[in-house]
1. Starting from residues that are within 13 Å of Phe103 (Cβ to Cβ) and not in a loop (DSSP other than H, G, I, E, B), keep the ones in the stretch 57-73 and report whichever is farthest from the ligand (Cβ to nearest atom).
2. Pick out the one residue from Leu307, Leu336 that is free of Cβ contacts under 8 Å to residues at least 40 places away in the same chain and open to solvent by less than 30 Å² (accessible area, probe 1.4 Å).
3. Within the stretch 14-25, work out how many residues are part of a loop (DSSP other than H, G, I, E, B) and surrounded by 15 or more Cβ atoms within 10 Å (Cβ to Cβ).
4. Looking at Val295, Val272, Val278, which is the one that is touching a Ser or Thr at 6+ places or on another chain (Cβ under 6 Å) and among the hydrophobic types (A, V, I, L, M, F, W, C)?
5. Working only within the stretch 39-51, note down all residues that are assigned to a strand (DSSP E or B) and either assigned by TED's automatic domain parsing to the domain that holds Asn385 or open to solvent by 30 Å² or more (accessible area, probe 1.4 Å) (or both).
6. Is it the case that the stretch 299-313 has a residue that's assigned to a helix (DSSP H, G or I), in the same structural domain as Leu370 (by TED's automatic domain parsing) and either more than 30 Å from Ala202 (Cα to Cα) or not acidic (Asp, Glu) (or both)?
7. Got a sec? Which of Lys208, Lys214 is on the phi > 0 side of the Ramachandran plot, open to solvent by 20 Å² or more (accessible area, probe 1.4 Å) and under 23 Å from the mean Cα position of the chain (by Cα)?
8. Would you mind stating whether Glu36 is crowded, with 21+ Cβ neighbours inside 10 Å and away from the ligand (no atom under 16 Å from the Cβ)?
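The values are calculated or read from the model by the stated rules, or taken from the named source; none is laboratory data. Since this is a predicted model, take the numbers as computed values, not measurements. Here Cβ is always computed from backbone atoms with ideal geometry, including for glycine, and neighbour counts include all displayed protein chains. Side chains included, ligands, DNA and RNA excluded: accessible areas come from the protein's heavy atoms. Shrake-Rupley method; radii C 1.70, N 1.55, O 1.52, S 1.80 Å.
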Amino acid sequence: PNPRRPLTDPNLLPWPEDADVRRIDYKEPVVNEYREIEMFASRGCPLACNFCVVANVYYGGAGSWRPRNVDDVTGEIAAMKKKYPEMEGVFFDDEAHNGRKEFVIALCRSIIDKGLHTLKYNAMCGYWNLDRELLEWMKKAGYYKLRVGIETADKDVARAMHKSQSIKKLYTALEAARDTGIRVYGTFTYGALGSSPERDRATTSLIKDLLEKKLLYDMQISICTPQPGTPFYGSCAGEGAITTFDWQQYDGGRNVIQSYKHYTATQIKEEVARARRVAANAGGPRFRDADFSGVLSAIPAETKKLLLICSGPRWQTRALLAELNKRPGLEVHLLLRPDPDDDFNGLALWPFGEGALAPERLPSASRDGLRRESYPLALVQINHNCGDASDYADVFRVAESAAARWIAVDIKGAVRGAAPARTER
Ligand code: SF4
């Protein structure tokens with residue numbers, strides 16, 4: 001292969017294409033809470049975690065962090081807001097938005113000076129330099145959420161990952177964020193190099209504690225996946241731990257690729273499932289804010305049978321079922337992607353497989369079964385509470401094909417998108 005070229009100065013790059021595509025249409029709805037346009041204020045990362053594709057494959061190692069000129073960043077924000085008045089904020093999808101504290105403060109100053117602090121900002125950050133001074137600047141500039149890579153509670157796992165870690169610093173940073181009024185979305189990973197059931201369980205205990213202390217607003221639990229080209233892949237291959245070369249399975253969320261002698265793929269999967277259960281039960285503020293008590297009043301009293309389309313997280317499914325079960329005589333069937341942890345005993349289940357849910361992708365047995373059942377009403381789970389649910393268009397088409405009428409409920413419990421009754425079936 002050719003040698004790597006020197007890292008590009010991000011100030012030489014043009015703003016992203018916005019003539020043929022509309023950047024406002026590329027919002028990320030699940031974690032972003034506003035209509036946000038994605039931007040990069042910097043490129044690269046000071047670190048090089050052993051599993052990270054960005055640091056290791058794109059940029060060739062640690063020390064790749066490069067900031068943009070802050071006035072150019074705020075110029076881009078102002079231009080987008082002018083072009084799309086409906087824009088509510090910006091998602092800085094940098095690898096490490098806060099690569100340098102002075103850079104973020106300068107960016108905050110520029111945002112405030114240009115009157116752009118009325119927008120909402122959300123950014124990918126490390127917790128290494130999140131102190132009160134920085135967080136107060138960010139709050140003043142309109143930042144409402146930071147996504148922070150925490151990954152593990154265990155020092156040895158962090159060391160094996162090549163990730164700098166200090167639990168004390170983490171708590172200090174998260175307490176400062178909570179006191180400043182900035183939400184934190186934490187990310188955690190299981191089955192990393194050096195992990196074990198005990199070490200990953202320590203991470204689960206950390207998640208529980210952070211949620212209970214309201215230091216996390218929301219979180220993501222992923223499976224550490226040895227992507228080819230990373231040192232993690234090399235280590236796993238070296239110890240014969242790679243179990244498949246079916247790249248489709250390298251998804252980081254459902255499948256475990258590595259099986260260590262002391263910690264098998266099955267055990268890793270069990271620890272991930274356990275962590276997700278503990279997290280759902282501990283419930284971050286985002287979960288606790290949800291209130292599904294209004295759902296029943298949106299369901300006509302004469303409804304005897306309902307199809308619940310499980311296109312949101314399982315905790316939301318369970319919360320909805322608990323609510324629906326309060327209506328005597330209401331029979332609930334589920335359309336869902338089966339999960340080994342499911343415990344929906346006694347309910348009629350229509351399965352769908354991997355990939356996005358759409359009428360064309362339904363297995364024929366489920367499609368035919370739904371048609372036979374002829375549901376009067378379908379209830380669609382939406383996994384966010386953005387005003388715009390156009391990202392669920394395919395799921396709504398499934399609802400239309402399966403039921404005479406459908407309603408949707410968002411992640412906070414608001415009922416919306418009630419479709420008029422269809423005149424024909
Ligand atoms: S901190 Fe994040 S972006 Fe940086 S190397 Fe680690 S995983 Fe990659």
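1. Among them, the one singled out is Asp71.
2. Every option except Leu336 fails the conditions.
3. 1
4. Answer to the selection: Val278.
5. Arg43
6. Checking the stretch 299-313: not a single residue is assigned to a helix (DSSP H, G or I), in the same structural domain as Leu370 (by TED's automatic domain parsing) and either more than 30 Å from Ala202 (Cα to Cα) or not acidic (Asp, Glu) (or both).
7. Of the residues listed, the single one that is on the phi > 0 side of the Ramachandran plot, open to solvent by 20 Å² or more (accessible area, probe 1.4 Å) and under 23 Å from the mean Cα position of the chain (by Cα) is Lys214.
8. It is true that Glu36 is crowded, with 21+ Cβ neighbours inside 10 Å and away from the ligand (no atom under 16 Å from the Cβ).
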